[in-house]
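In what follows, a single structure is set out as structure tokens and then discussed.
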Amino acid sequence: MNKKQIRKEKQNQAYLKYYYSEKGQKKIKTYRNSSKVKKRQKKYHEKYRKTKKYKKGMRAYRDKIKRLVYEHYSPNGIKCKKCSFDDIRALSIDHIKGKGHLHRLKVGFGNALYRWIVRNNYPKGFQILCMNCQFIKRYENKEIPEREV
């Protein structure tokens, strides 16, 4: 390393030391919470989220996470555990013991559940079912109250 690279490395180390110090974190938090920064971030996100590039990227990301979860819980190919239906558009994650609605209230709905599963190293208690099998299971286990006709 030459002298210029060494000096730059020392500056970088000093910056990181300050950045991760209590004083540095407090200053950063104050800056990030300022109304000026919040307005700028909101304006940027509102503009960016309307672009086709963003929507396409998010769709690909959601599909990737969903496929990872399905591949883990369906080791013999992505299919329903009960009837072997394999159209991914009609498959969903199911809480084996039921009470999934309570878990989703804590974790979040939609893709948030799939992200939670990946972050928590694919915990036990989930299976892949097609929507027909899932509704049949919910009815048989009386997870949904019967409607009066």
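The values are calculated or read from the model by the stated rules, or taken from the named source; none is laboratory data. Computed from a predicted structure; not experimentally measured. Positions of Cβ are generated from backbone atoms using ideal geometry, with glycine treated the same way; all protein chains shown enter the neighbour counts.
Summary table below
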| quantity | calculated |
| --- | --- |
| Filtered residue count, the stretch 94-114, keeping only those that are surrounded by 13 or more Cβ atoms within 10 Å (Cβ to Cβ) and of a type in the set (D, E, K, R) | 2 |
| Residue match in the stretch 63-74 (condition: out of contact with any strand residue (DSSP E or B) (no Cβ under 6 Å at 6 or more places or on another chain), over 30 Å from residue 49 (Cβ atoms) and modelled with pLDDT of 90 or more) | no |
| Extreme residue, modelled with the highest pLDDT, among residues of the stretch 118-149 that are farther than 18 Å from residue 81 by Cα and among the aliphatic types (A, V, I, L, M) | 118 |
| Odd one out for residue 91, checked against (1) surrounded by 14 or more Cβ atoms within 10 Å (Cβ to Cβ); (2) among the hydrophobic types (A, V, I, L, M, F, W, C); (3) modelled with pLDDT under 90 | (3) |
